[in-house]
Structure formats: structure tokens, C-alpha cells
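The values are calculated or read from the model by the stated rules, or taken from the named source; none is laboratory data. This structure is a prediction, so every number in the text was calculated from the model and none was measured. Note that each Cβ is placed from the backbone with ideal geometry, even for glycine, and that neighbours are counted across all protein chains shown.
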Amino acid sequence: MRGGELLALKWDNVYPDRIELRSTRDWKVKGRKDAIVPIAEDLKEFIQSQDIQGERYVLDDGRGKPLYSSLGDLTKSMRKALLKVGIENAKPLHSFRSTVATELLSGESSNPVQVQKLLRHQSIQTTMSYLNSDHLQQVDLVNKLGNSPQNTVSKKKTESRKPSIHLAYSRKR
């Protein structure tokens, strides 16, 4: 999802198996095309566990109003969270989209056309530009270091303290 879509997303548009993005008088889906986004199993479980009584928006202030007044406010909040977990120089919202694209495109059974449809890109070139193969190769190399037998004990001790956020890349501007 795009940041603007997340800001405008209401619980009325979240179903057990999908999120429906619909243009309204107040907000337009990018490209003015309504969209249906499937929901992963883990996200389904998380959504079902939420107490949303009195909330209208997915990012709600608890009183039926949007928690963030602008995309800039959401970005600022996410940037703070990323800094707290040690991720710097990321474009918070776009980095998450890019990470999803990179992960989907890097799998053995990846299908670039399906990834393009999921991300709702008009051009396959836009979708393919998200694939950061150099980064993936470097991550694989570094992960091999962490899998040595002597690192197993220390790895288990630190795993519970570290959040599992891995951005595909971040750009310095």
C-alpha cells in the first residue's frame, strides 16, 4: 500500500481476505483506479485480534478521527521508530514498499507481472527497478556469517531483543 492509501484506509474497507481501496469525494486512489489488495495470513490474525470499537480509520486516534493529519506526520513518526531500531537514511513508507517488491521478486517462484499487479505499477520497468539484487547478494553473504555454529548461542540471546525489520535498501539524498 502507498502512504496516502494507509492514511485514508477505514476499517469498513478491511475484510477478512482483502483490503478494498475505493476513491471517495475526499480522497482518490492513485491513478483513480480502485483496487483490491489481498491480506496475508499473519496479517489476518493480527487484524482479527484488534479491538477496533469506536475506531473508523485503521490509523485512528481512538475517537474516530485520523491519527495523522498528513503524510508528512506519518513519515516523521515512522522515521523516529526506524531510528530507534537502528535503521538510518530510509524513506520510511517507500522503503517498506521497496522491501516487499524486492522480497517478492527475489524468490525462486517470483512472477514479475504478478508483483507489478500487486504494487499497481503501470510499467513493469518500475516494478523491476525495485529489485535490488546487489543488496540481496550482500545480505545472503552476511547471513552466512551469522549461521556459524559458534554464533548460535549468542544469536539466540539477541534474537528476542531485536525487532525483525529488514529494509531492502535505503537511499541517501
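Filter the range 16-38 for residues that are in a loop (DSSP other than H, G, I, E, B) and touching a residue at least 24 places away in the same chain (Cβ under 8 Å) and give the result.
First pass over the range 16-38, keeping only residues in a loop (DSSP other than H, G, I, E, B): 16-17, 22-29, 33-34.
Once the filter is applied, which keeps residues that are in a loop (DSSP other than H, G, I, E, B) and touching a residue at least 24 places away in the same chain (Cβ under 8 Å), the range 16-38 yields PRO16, ASP17, VAL29, LYS33.
Just for the range 1-15: of the residues that are out of contact with any His (no Cβ under 9 Å at 6 or more places or on another chain) and in a loop (DSSP other than H, G, I, E, B), which one is farthest from PHE96 (Cα to Cα)? Explain how you work it out, then say what you get.
Our first condition is that a residue be out of contact with any His (no Cβ under 9 Å at 6 or more places or on another chain); within the range 1-15, this holds for 1, 4-15.
Now drop any that are not in a loop (DSSP other than H, G, I, E, B), which leaves 1, 9, 15.
Details: MET1: 9, LEU9: 17, TYR15: 22 Å.
Step by step, filter the range 1-15, then rank; the result is TYR15.
Just to verify a result, which residue in the range 71-89, among those that are touching a Lys or Arg at 6+ places or on another chain (Cβ under 9 Å) and among the polar types (S, T, N, Q), is nearest to LEU6 (Cα to Cα)?
THR75
If SER77 passes every condition in (1) assigned to a loop (DSSP other than H, G, I, E, B); (2) over 21 Å from HIS121 (Cα atoms) but one, which one does it miss?
Of (1) assigned to a loop (DSSP other than H, G, I, E, B); (2) over 21 Å from HIS121 (Cα atoms), only one is false for SER77: (1).
Among the residues of the range 89-103, are any aromatic (Phe, Trp, Tyr) and at pLDDT 90 or above?
no
Hey, can you tell me all the residues within the range 36-63 that are over 17 Å from the mean Cα position of the chain (by Cα) and surrounded by 11 or more Cβ atoms within 10 Å (Cβ to Cβ)?
Residues satisfying the conditions are GLN50, ILE52, GLU55, ARG56, TYR57, ASP60, ASP61.
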